[in-house]
Amino acid sequence: MRCLRPQPICTLNYDPESQSPTCCPLQVRPSSCVQRQCGNMYTASVWSGIVQIIETTGAALEGRRILMYSYGSGISASMFSLVGRRVEGKFNLARMQAQVSLAGPRG
């Protein structure tokens with residue numbers, strides 16, 4: 001199974017009548033390949049999602065906000081946001097993207 005490369009970001013709003021039915025899959029699919037292959041990994045799904053969005057998007061994340069959300073089966077949930085920043089060295093987004101291959105061989 002291959003992950004789709006991300007499409008342009010849709011504008012999210014609170015009006016379900018005006019929300020495009022294709023917007024959510026375009027935003028969620030690039031960070032959910034492992035979950036679709038392995039099933040529910042519970043909290044690990046959030047962390048694999050971060051790696052997957054770096055793999056599919058790389059340096060294009062610079063300056064963009066990512067919302068991460070995980071809910072448990074009971075009492076708690078976690079939500080946090082990340083912002084891609086340009087850095088030099090081994091944590092450079094483009095470098096990490098070149099080294100990660102969760103979705104299988106690239107074509």
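The values are calculated or read from the model by the stated rules, or taken from the named source; none is laboratory data. Everything numeric in this text was worked out from a predicted model, so none of it was measured. In this analysis, Cβ positions are derived from the backbone assuming ideal geometry, glycine residues included, and neighbour counts consider all displayed protein chains.
Things to note:
- Close pairs from the range 28-49: first under 11 Å from Ser70 (Cα atoms), partner of a type in the set (A, V, I, L, M, F, W, C), Cβ under 6 Å, at least 6 apart: Val46/Met68
- Top-ranked residue in the range 4-42 [being at pLDDT 70 or above and assigned to a loop (DSSP other than H, G, I, E, B); ranked as surrounded by the most Cβ atoms within 10 Å (Cβ to Cβ)]: Ser32
- Residue check for Ser78: closer than 14 Å to Val28 by Cα and either touching a residue at least 24 places away in the same chain (Cβ under 8 Å) or in contact with a strand residue (DSSP E or B) (Cβ under 6 Å, 6 or more places away or on another chain) (or both): no
- When residues of the range 43-90 are limited to those that are among the hydroxyl-bearing types (Ser, Thr, Tyr) and exposed (fewer than 11 other Cβ atoms within 10 Å of the Cβ), the one farthest from Leu102 (Cα to Cα): Ser76
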